[in-house]
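The values are calculated or read from the model by the stated rules, or taken from the named source; none is laboratory data. Given the structure is predicted, the values throughout are model-derived calculations rather than measurements. Cβ: placed from backbone, ideal geometry, glycine included. Neighbour counts: every protein chain shown.
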Amino acid sequence: MRISWIRTFASVTLLLLAISTNAQNAELDALLNAGIEGLLDAEIVSASKSKQQIKDVAATVQVVTQKEIKERGYQTIEDLLSDLPGFQFRNIQGFNSYVFQRGIANQNNLILVMIDGVQVNELNSGGFYGGGQYLLSNIAQVEIVYGPASALYGTNAISGIINLITRKETDSQGVNLSSSFGSFNNYTLAGGYGYNNANKDYGFRVAGQYFSTQKTPLTNDDGDNNWDENLENFEHDVACDFSGHYKQFSFGLNVQDKRASRATNYRSTGTHYLDQGTLWNIRFINGQIQYNYATEKYLFNPRLYYRNSSVRNNTIAYITDTSQARYFRPGNLIGIDLVNQYQPFKQLSIIGGITFENENLAKDYGISLSGSANEKPAEPPQPSMMNNNLISVYFQSDLNFLKYITLTAGLRYDNSSYYGEILTPRLSLAFSKGKFSSRLHYNEAFRAPKPWDFTAGAGNEELKPEKIKSAEWINSFTFSDFIYGSVTLYRNYLENIISTQVAGDTWYWGNSGEMTTNGLELGVRIRKQDFTSWINYTYNYSVDGSEVLVPEISKHTANAGFHYYLGESLNFGLRANYTGERKNASLTQSSNTNEQLFPVIDPSLIIHGSIGFTLSRTLDCSLYFNNILDTKYYHTSNRPPDRYRQQERSVRIELRYKLR
Amino acid sequence: MLHLKYIRNFFTVICFLLSASQMAAQVKGTPENIMSSFIYNFTAYLTWPVEETKAPFKIIVLGSNEFFQPLNYIAGVKMVKGRKIEVKLITKESEIEPCHILVVSEDFQKSLLTLNDNELLHETVIITNCLGCLTKGASINFVSVNEKIHFEINKKALDIKSIKASSQLLKLAVKVI
């Protein structure tokens, strides 16, 4: 049996080598035929060292471009990730939804989300927010890094990183406007303007968006009778980006204001919770200013940044039969990152830097309660604040030797005033020749407890960070000029998991348990001028310390799709997402045996489609069809409603206007 | 049973995608291939002061064969305004001779100022691929913008050499000084 597999593998390898022999000349012929404007849009298949994002060398990286966002009609960050390998979701159809990368369920605090390199994870919880508050029409591309990356980014970079790169004035000048509306009162208004003066070397870009939607109807039967017909379930978001440059200086400012109902957080039927009147309002403000100094071999990028993520004081977290609860939780951070990049000779590049951060975090929510379900509470009190200082030193070097081999080694030292000292290493060995590359990575990462985790409940001063150790083997092949494939094997070991521990009548946060994930990602991408397609399959086998499958993670997920341009005026595409069976996080009582069981969420196959029309040089429109087959499917839950029904069939039309 | 149905549908989609992929041309390549194709395309948008119709159009690559291989291939299959293309690789500054285009590799970026003053290159477009090289004497410099290769133009340097760049080329440049 094994010999048969080896023979098949060898045959396929030989076939691939044969196919790639004449690739170089064919590639040049095609580039020559593209013309100068086509070349400006040419995709780089293997970037030279000077153009690589050196921070990301020792990792698997996927890129989603603005063109793909537009073609597929992504509105949320979860939409965007759903067509990539390795992602699963828990959407509770309320104020937040959760993203699981490479087989680890979490509260969004194991992935770093950044806009232009500055984190937008909420400061107080460490978790990012899913949803529609990301200004995707002003994104040039999204870079998704797989695997632990604390060696360069510090705490919370356990499963991976999502970096949204905004459009810049140098390549997005003039006016762009767009508007869309569709099923479930889903509508957006977005616009942007970019100005660049190349001669005087300055420019700016400003963009904004309003997004509003009603979510999946969960009343009565549709919501497993967890809520009644009065359930409110909405999201209204405002987002703004402002960026620019003057000679070597550049700056960026992003504001996101998310307002969503929170009624789906709790079951109302048979409880004291009500279905209407809740509002979760969180605002993120990120700003940065950067200086770029470059010589032939040395780059110096000092960057000053500010982050503010506050649950605003008009938030109504929940309403019961007897009162409303109003929350307030501010948080802000200021930091400076001194990044140095040095390339003494062609085969060696070194990146290193020092980061200083000072953050002010609310110890807990400021909460005010009203005296009845109909009365709005008074303004919540300002919560007491905690201050944290962090100093980090990081270093990574890439050494190329024997022409085809690159050794990457990195180390980061963090010293926090509340979680102490942590040393995080990474090591990578890469072989790359022609159309084939193979890389071995070893990475460690951590998630530090938040300050109040040490004192919550009975308190636990011995609380340690969660740590992950990850080994990964990535093989990628360029089968021909336009077909790219990759096979990735990985094993993650998560230890010191932070979870609630019960001690008599009280509780505390403790380190308990471990989790191991063995995974496989297979991907094939086809990219031609008029045609793009992808096929991804992911296998995750995540078990706890007792070798029991962890809840909420399916062993099998897959996605596939294509987009085709039929001439200049019409384009269309289809995409499909499959998630296999997975067990729920919360136990329910079996009606037959009275046993406590994890309910199972059935597998689902969801198909989406889109059609685009170019109406004129400045005007185009798209029609998006989501869940075309109107499949009834559910996501897992880690709270009393056992499962959450997901998006029904919907249609949306979007009009876009561009004037340069 | 449900799984089997999904798997069958999945493979149907795969087969469709693979067959549909044979339909159109591609635009992607290594950085060296993309830049070499740019260099060939630039010749249609540039006018040199003396345009001999019979002499070959000469491109010299200084220092690295990364550009020589794709440019040499282009020379075999393309012509510039009806003239054959001649590509030469040199590894020393002393080997420089008059040419239409000089492609300077990373190893010789320090020599840009002296190359710009070289009398033999007074009608030569100097092309580089490095940060800040546009102000150090390059006529055209490649830069990376959002993972795409773009170019910037030193119009003053071209003017001094009486080489005209078309307005269309200047418009496509990400930066003109």
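Tell me whether region A:256-266 contains one or more residues that are surrounded by fewer than 17 Cβ atoms within 10 Å (Cβ to Cβ) and touching a residue at least 12 places away in the same chain (Cβ under 8 Å).
No: region A:256-266 contains no residue that is surrounded by fewer than 17 Cβ atoms within 10 Å (Cβ to Cβ) and touching a residue at least 12 places away in the same chain (Cβ under 8 Å).
Just wondering, is there one or more residues in region A:373-396 that are of a type in the set (D, E, K, R) and modelled with pLDDT under 90?
Of region A:373-396, the ones of a type in the set (D, E, K, R) are A:375-376, A:379.
Within this subset, residues satisfying the condition of being modelled with pLDDT under 90 are none.
No: region A:373-396 contains no residue that is of a type in the set (D, E, K, R) and modelled with pLDDT under 90.
A quick yes/no check of all residues on (1) among the charged types (D, E, K, R); (2) crowded, with 19+ Cβ neighbours inside 10 Å; (3) outside any loop (DSSP other than H, G, I, E, B):
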position: A:559; (1), (2), (3): no, yes, yes
position: A:562; (1), (2), (3): no, yes, yes
position: A:617; (1), (2), (3): yes, no, no
position: A:629; (1), (2), (3): no, no, no
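Looking at region A:384-398, which of its residues are surrounded by fewer than 13 Cβ atoms within 10 Å (Cβ to Cβ) and either part of a strand (DSSP E or B) or among the β-branched types (Val, Ile, Thr) (or both)?
A:387, A:389
Looking at region A:269-282, which of the residues that are surrounded by fewer than 22 Cβ atoms within 10 Å (Cβ to Cβ) and not hydrophobic (A, V, I, L, M, F, W, C) is modelled with the highest pLDDT?
Going through the qualifying residues, I end up with A:281.
Only one residue in A:392, A:368 is free of Cβ contacts under 8 Å to residues at least 60 places away in the same chain and out of contact with any Cys (no Cβ under 7 Å at 6 or more places or on another chain). Which one?
Numbers: A:392 fails: free of Cβ contacts under 8 Å to residues at least 60 places away in the same chain.
The conditions single out A:368.
Might you check whether a residue that is away from chain B (no Cβ under 14 Å), part of a strand (DSSP E or B) and within 21 Å of the chain's Cα centre (by Cα) occurs anywhere in region A:196-206? Even if it seems obvious, please write down each step before you answer.
Going residue by residue through region A:196-206, those that are away from chain B (no Cβ under 14 Å) are A:204, A:206.
Filter again for part of a strand (DSSP E or B), leaving A:204, A:206.
From what is left, the residues that are within 21 Å of the chain's Cα centre (by Cα) are none.
The answer is no, given that none of the residues of region A:196-206 is away from chain B (no Cβ under 14 Å), part of a strand (DSSP E or B) and within 21 Å of the chain's Cα centre (by Cα).
If you check residue A:489 against the conditions, is it without any contact (Cβ under 8 Å) to a residue 60 or more places away in the chain, among the aliphatic types (A, V, I, L, M) and closer than 15 Å to residue A:148 by Cα? Outline the logic, then answer.
Details: without any contact (Cβ under 8 Å) to a residue 60 or more places away in the chain: yes; among the aliphatic types (A, V, I, L, M): yes; closer than 15 Å to residue A:148 by Cα: yes.
Considered against the rule, which asks whether it is without any contact (Cβ under 8 Å) to a residue 60 or more places away in the chain, among the aliphatic types (A, V, I, L, M) and closer than 15 Å to residue A:148 by Cα, residue A:489 comes out as yes.
Looking only at region A:164-180, count how many residues are part of a strand (DSSP E or B) and within 25 Å of the chain's Cα centre (by Cα).
Count: 6.
Among A:554, A:604, A:546, A:650, which is among the polar types (S, T, N, Q), in contact with a Lys or Arg (Cβ under 7 Å, 6 or more places away or on another chain) and more than 30 Å from residue A:195 (Cβ to Cβ)?
Result: A:554 is the single residue among A:554, A:604, A:546, A:650 that is among the polar types (S, T, N, Q), in contact with a Lys or Arg (Cβ under 7 Å, 6 or more places away or on another chain) and more than 30 Å from residue A:195 (Cβ to Cβ).
Would you mind finding the one in A:8, A:21, A:60, A:13 that is of a type outside the set (Asp, Glu) and either at pLDDT 50 or above or in contact with a Phe, Trp or Tyr (Cβ under 7 Å, 6 or more places away or on another chain) (or both)?
So the residue among A:8, A:21, A:60, A:13 that is of a type outside the set (Asp, Glu) and either at pLDDT 50 or above or in contact with a Phe, Trp or Tyr (Cβ under 7 Å, 6 or more places away or on another chain) (or both) is A:60.
Matching residues to (1) among the aliphatic types (A, V, I, L, M); (2) outside any loop (DSSP other than H, G, I, E, B); (3) more than 30 Å from residue A:384 (Cα to Cα); (4) in contact with a Lys or Arg (Cβ under 6 Å, 6 or more places away or on another chain):
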| site | (1), (2), (3), (4) |
| --- | --- |
| A:457 | no, no, no, no |
| A:464 | no, no, no, no |
| A:470 | no, yes, yes, no |
| A:480 | no, no, yes, no |
| A:486 | no, yes, yes, no |
| A:489 | yes, yes, yes, no |
| A:493 | no, yes, yes, yes |
| A:501 | no, yes, no, no |
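Identify all residues within region A:566-580 that are hydrophobic (A, V, I, L, M, F, W, C) and either assigned to a loop (DSSP other than H, G, I, E, B) or more than 11 Å from every other protein chain (Cβ to nearest Cβ) (or both); write none if there are none.
Within region A:566-580, A:570, A:572 meet the criteria.
Return yes or no: is residue A:329 at pLDDT 95 or above, surrounded by 16 or more Cβ atoms within 10 Å (Cβ to Cβ), more than 30 Å from residue A:425 (Cβ to Cβ) and among the basic types (Lys, Arg)?
yes
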